[in-house]
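Encoded as structure tokens, the structure appears first; notes follow it.
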Amino acid sequence: MKLNVVLPIVGEVLKSPIVIGTTLAIILYLNFVFFVAHYKKKPPKPKKRHVVAPVPAKPKESESSDDSSGDAASET
């Protein structure tokens, strides 16, 4: 066979929708296979511990009454 006879046949085969669809399917499949083969799971992040802040001590009642009377005088 001569080259001028083979080239049009090869061109028609490569332009065929079946060949194009099969090629795309194979490329997508291979991309997925390589993704799964090289997939590495990220290491888990260490969990942060919730530190409970100590509750500040409430002032005594006698001190709070003195503070409230001083605050009232400064506000007016």
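Residue separation of ASN4 and ASN31 scaled by 0.36 nm, minus their Cα-Cα distance, works out to 6.1 nm of gained length.
So for each of 46-59, 10-23 I average, over its residues, the number of other beta carbons within 10 Å; can you give me the resulting order with the highest mean first?
Working: 46-59: 6.5, 10-23: 10.0.
Descending packing order for the listed peptides: 10-23, 46-59.
Bear in mind these aren't lab numbers, they're just calculated from the coordinates by the rules spelled out. Values in this document were obtained by computation on a predicted structure and should not be read as measured data. Heads up, the Cβs are rebuilt from the backbone with ideal geometry, glycines too, and the neighbour counts pull from every protein chain shown.
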